[in-house]
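Input: a single structure, listed below in structure tokens.
Each value in this text was obtained by applying a stated rule to the coordinates, not by laboratory testing. Bear in mind the structure is a predicted one, so any value in this text is a computation, not a measurement. For neighbour counting, all protein chains shown are included, and Cβ atoms are generated from backbone atoms with ideal geometry for every residue, glycine included.
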């Protein structure tokens with residue numbers, strides 16, 4: 001089973017980048033990652049967590065893993081130490097400075113091949129007149145072995161998806177901050 005990965009903005013603080021620091025360090029930066037490698041030109045920008053207007057928690061609640069720019073995971077030092085070896089075949093880790101700690105944005109580079117996508121029951125997703133890709137897509141996980149995280153051309157490489165194995169590792173380690181949405 002595969003899941004679309006999203007962040008739990010109601011129960012955990014959201015991540016924000018220091019835009020001035022980001023643009024100063026990387027003038028050609030674009031938030032649209034589109035499964036393209038960034039590590040060669042990456043310079044660790046400052047980031048922080050904040051209480052978004054959708055946050056309904058009662059105390060400061062920093063997630064172990066969250067997202068940035070939709071499909072890019074951001075891992076705490078603890079989550080990074082557990083997941084770095086398992087995720088390395090699917091992308092690259094881009095350091096971020098959060099206070100005195102180094103967090104890592106995981107830039108998902110593995111795109112599931114079209115031969116592993118079943119569109120037989122898919123339909124177009126439209127939000128406010130904007131085509132957002134396909135919904136009700138099925139993935140053949142046998143064709144993505146050793147890739148716990150992936151992107152799909154069915155939604156313009158915007159979101160990251162996970163396998164059940166990744167979700168199990170997340171759950172087994174008691175990580176917080178993500179929501180795993182069924183895709184069918």
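Compared with the rule-of-thumb size 2.2 N^0.38 Å for a compact globular protein, segment 65-115 has a Cα radius of gyration ratio of 1.18.
Given a cut-off of 20 Å, what percent of all Cα-Cα pairs of segment 1-75 lie beyond it? Beyond 20 Å sits 39 percent of the P(r) for segment 1-75. By the Cα gyration tensor, the chain has an equivalent ellipsoid whose semi-axes, rounded to whole angstrom, run 26, 18, 18 from largest to smallest.
Eigen-decomposition of the gyration tensor built on the alpha-carbon atoms of segment 53-162 gives equivalent ellipsoid semi-axes of 28, 20, 11 angstrom, largest listed first.
Packing-based ranking of 77-90, 17-30 yields 77-90, 17-30, ordered from highest to lowest mean Cβ neighbour count within 10 Å. If you wrap segment 129-184 in the convex hull of its Cα atoms and look at it from every side, the mean projected area works out to 4.6 nm².
Take every pair of alpha-carbon atoms less than 8 Å apart whose residues are at least six positions apart; their mean separation over the length of segment 2-182 yields a relative contact order of 29 percent. A straight line joining the Cα centroids of segment 1-75 and segment 96-142 runs 16 Å. The calculated pair-distance distribution of segment 87-126 uses every alpha carbon pair, bins of 10 angstrom beginning at 0, and gives 23, 28, 26, 18, 6 percent.
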